[in-house]
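K.L.:
I am attaching a structure below and will ask some questions about it afterwards.
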Amino acid sequence: MRSELPQVRIFDVPFCKWGMEQTVAYLTEAVQKRDPHQIITANPIMIMEAVEKPAFLRIMQQADLVVPDGAGAVWASQKIGQPVAERVAGFDLLHELMQVGNDKGWSVFLLGAAPEIVMETERKLKEKYPNVRFAGVRDGYFKDEQDEAVIEQIQSAKPDLLFVARAAANQEPWIAKYKSRLAVPVMMGVGGSFDVIAGKLKRAPKPFQRLRLEWLYRLLQEPKRYKRMLVLPKFAVKVIREKENMKKQ
Ligand code: UDP
């Protein structure tokens, strides 16, 4: 993460301490300067992936901005004694940026999810943010051999915002690999957000979010997620065990 940003490290993964408002203000400036940024909205599942896979840790460290998505990341920062301001969920950040884009006439490129889902996402977002220009849309089911064509499509569209909705294990390495060629001011992985915007999945209602139980709601909606969630208790135990060491860094 860019060294000038205020940060806390959770198992070597740097997180920006800012809340939503400051994050959006910073990225608004990035768009105005056309300064390319990879933004990662990271949760404990991704932190644990970084603990296990050095290549993924490097991607997180080399991203320009990492924001605390997920209640567990906020909780861990508190345990370390260097609390982040609040949770900055990827889904909310997408909407905040679209809102600014609507005021300023930005353009957006949507990349990811199944073809009908990304089309429906575009339709819904156009309705909500009529002043945003939709510079391009493409589904997320393409092979590595097609990367070149996708990159060229994005380069010629020259968007201000690029949202990539592919699986977490896929979208961050993909952006990291091509960010210098894409050079979009905001390049951000948004996971299952297009499925929610298109109406295929529901976001957890506010009470779940307030009780920090969004993960439980997602689990109930998509039980196949349980396997990857088994790392969450491991994460909690590791934070409690190692928080004193992390305080010293
Ligand atoms: N997805 C995609 N291409 C792929 C795999 C997944 O576009 O090769 C999309 C999928 O349709 C969904 C989103 O990525 O809209 C998130 O998928 P999933 O929930 O499996 O990912 P994760 O929870 O790991 O981020």
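K.L.:
I need every pair where a residue in the stretch 62-77 that is without any contact (Cβ under 8 Å) to a residue 40 or more places away in the chain has its Cβ under 7 Å from the Cβ of a residue that is open to solvent by 10 Å² or more (accessible area, probe 1.4 Å) and part of a strand (DSSP E or B), sequence separation at least 6 or different chains.
P.N.:
Note: pairs meeting the criteria are Asp69/Thr41.
K.L.:
Does the stretch 182-196 contain at least one residue that is more than 9 Å from the ligand (Cβ to nearest atom) and surrounded by fewer than 17 Cβ atoms within 10 Å (Cβ to Cβ)?
P.N.:
Taking every residue of the stretch 182-196 in turn, at least one turns out to be more than 9 Å from the ligand (Cβ to nearest atom) and surrounded by fewer than 17 Cβ atoms within 10 Å (Cβ to Cβ).
K.L.:
Scan Ala30, Ala55 and give me the residue that is at negative phi, of a type outside the set (Lys, Arg) and touching a His at 6+ places or on another chain (Cβ under 6 Å).
P.N.:
After applying the criteria, what remains is Ala30.
K.L.:
Name the single residue, out of those in the stretch 125-138 being within 25 Å of Glu172 (Cα to Cα) and open to solvent by 40 Å² or more (accessible area, probe 1.4 Å), that is farthest from the ligand (Cβ to nearest atom).
P.N.:
Arg133
K.L.:
If you don't mind, another one. For Glu120, all conditions in the list (1) more than 18 Å from the chain's Cα centre (by Cα); (2) more than 16 Å from the ligand (Cβ to nearest atom); (3) of a type outside the set (A, V, I, L, M); (4) buried (at least 16 other Cβ atoms within 10 Å of the Cβ) hold save one; what is the number of the exception?
P.N.:
Condition (2) is where Glu120 drops out.
K.L.:
Something else about it: Quick check on the stretch 147-155. Is at least one of its residues in a helix (DSSP H, G or I), buried (at least 20 other Cβ atoms within 10 Å of the Cβ) and within 21 Å of the chain's Cα centre (by Cα)?
P.N.:
Checked the stretch 147-155: at least one residue is in a helix (DSSP H, G or I), buried (at least 20 other Cβ atoms within 10 Å of the Cβ) and within 21 Å of the chain's Cα centre (by Cα).
The values are calculated or read from the model by the stated rules, or taken from the named source; none is laboratory data. Since the model is a prediction, treat every value here as computed from it, not as a measurement. Heads up, the Cβs are rebuilt from the backbone with ideal geometry, glycines too, and the neighbour counts pull from every protein chain shown. Ligands, DNA and RNA are excluded from the accessible area calculation, which covers all protein heavy atoms including side chains. Shrake-Rupley method; radii C 1.70, N 1.55, O 1.52, S 1.80 Å.
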